[in-house]
1. Within region 24-40, how many residues are within 15 Å of the chain's Cα centre (by Cα), of a type outside the set (D, E, K, R) and under 22 Å from Ala101 (Cα atoms)?
2. Can you work out which of the residues in region 40-72 that are buried (at least 17 other Cβ atoms within 10 Å of the Cβ) and among the hydroxyl-bearing types (Ser, Thr, Tyr) is nearest to Val83 (Cα to Cα)?
3. Determine if region 73-81 includes at least one residue that is more than 20 Å from Asp35 (Cα to Cα), under 17 Å from the mean Cα position of the chain (by Cα) and surrounded by fewer than 21 Cβ atoms within 10 Å (Cβ to Cβ).
4. Here is a list of conditions, (1) buried (at least 17 other Cβ atoms within 10 Å of the Cβ); (2) over 14 Å from the mean Cα position of the chain (by Cα); (3) over 22 Å from Glu154 (Cα atoms), and Leu105 meets all of them except one; can you say which number that is?
5. Name the pairs whose Cβ atoms lie under 9 Å apart, with the first residue in region 70-86 and on the phi > 0 side of the Ramachandran plot, the second surrounded by fewer than 13 Cβ atoms within 10 Å (Cβ to Cβ) and part of a loop (DSSP other than H, G, I, E, B), and 6 or more positions between them or separate chains?
6. Suppose we keep only residues that are more than 14 Å from the chain's Cα centre (by Cα) and crowded, with 18+ Cβ neighbours inside 10 Å within region 86-100. Which one would you say is nearest to Gly124 (Cα to Cα)?
7. Could you go through region 125-148 and let me know if any residue there is part of a loop (DSSP other than H, G, I, E, B), over 17 Å from Gly53 (Cα atoms) and either among the aliphatic types (A, V, I, L, M) or within 15 Å of the chain's Cα centre (by Cα) (or both).
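We did not get these values from a lab; they are worked out from the coordinates using the rules stated. Bear in mind the structure is a predicted one, so any value in this text is a computation, not a measurement. Don't worry about glycine lacking a Cβ; one is built from the backbone with ideal geometry, like all the others, and counts go over all protein chains shown.
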Amino acid sequence: MKQAGIFFGSSSGKTAAIASRIQDKMGSDKADLWDVEVSSPEELLGYEVLILGIPTWGIGKVQEDWEHFMSRLEDFDLSGKKVALFGLGDQESYPETFADALGKLYEVLQKTGCSFTGSWPVAGYSFEGSAAVKGGRFVGLVLDEENQPDLTNERLDKWLKDIFTSTPKQNVYHGR
């Protein structure tokens, strides 16, 4: 079993593409890729590190595959799991609800007993409100492929380095 599981939901393909880039950067020998549309929460149990990717649709809506997956997570025990979150949003079109789905996923996961890693600074974004901000930081990496695609690669590299530096046992990122 690989050390990390990357789980994502994607309607337009953008979150799937980011999940695939993360796997490429880590190495496919270190991380498995799972689409939540065709997987179950039980699959989360097979990994020490979970990387979960969720897009926000329109005015703060959770992507449809994640809606179903999240409803099954509510009574799940993920104690001992290290969870890193990433989300996609559009800060210009939806500045009041930027990356809200990421915050909603975080709220559900808080009840599972997991520990979180990979919070991300809000500096460098222009938005008015986000359910994904807790304690002045995003609960995970936020990417805006509509307005800031040129920053994605640099943000991914820094975030992955931060995640796996904070969990030295999980030496799965090699900066590819």
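1. The qualifying residues number 3.
2. Out of the qualifying residues, it is Tyr47.
3. Checking region 73-81: not a single residue is more than 20 Å from Asp35 (Cα to Cα), under 17 Å from the mean Cα position of the chain (by Cα) and surrounded by fewer than 21 Cβ atoms within 10 Å (Cβ to Cβ).
4. All conditions are met except number (2).
5. Gly80/Gly113
6. The residue in question is Gln91.
7. No; the residues of region 125-148 include none that is part of a loop (DSSP other than H, G, I, E, B), over 17 Å from Gly53 (Cα atoms) and either among the aliphatic types (A, V, I, L, M) or within 15 Å of the chain's Cα centre (by Cα) (or both).
Matching residues to (1) in contact with a helix residue (DSSP H, G or I) (Cβ under 9 Å, 6 or more places away or on another chain); (2) surrounded by 17 or more Cβ atoms within 10 Å (Cβ to Cβ); (3) touching a residue at least 24 places away in the same chain (Cβ under 8 Å):
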{"position": "Val122", "(1), (2), (3)": "no, no, no"}
{"position": "Ser126", "(1), (2), (3)": "no, no, yes"}
{"position": "Gly129", "(1), (2), (3)": "yes, no, yes"}
{"position": "Lys134", "(1), (2), (3)": "yes, no, yes"}
{"position": "Leu143", "(1), (2), (3)": "yes, yes, yes"}
{"position": "Asn147", "(1), (2), (3)": "no, no, yes"}
{"position": "Leu151", "(1), (2), (3)": "no, no, yes"}
{"position": "Glu154", "(1), (2), (3)": "no, no, no"}
{"position": "Lys158", "(1), (2), (3)": "no, no, no"}
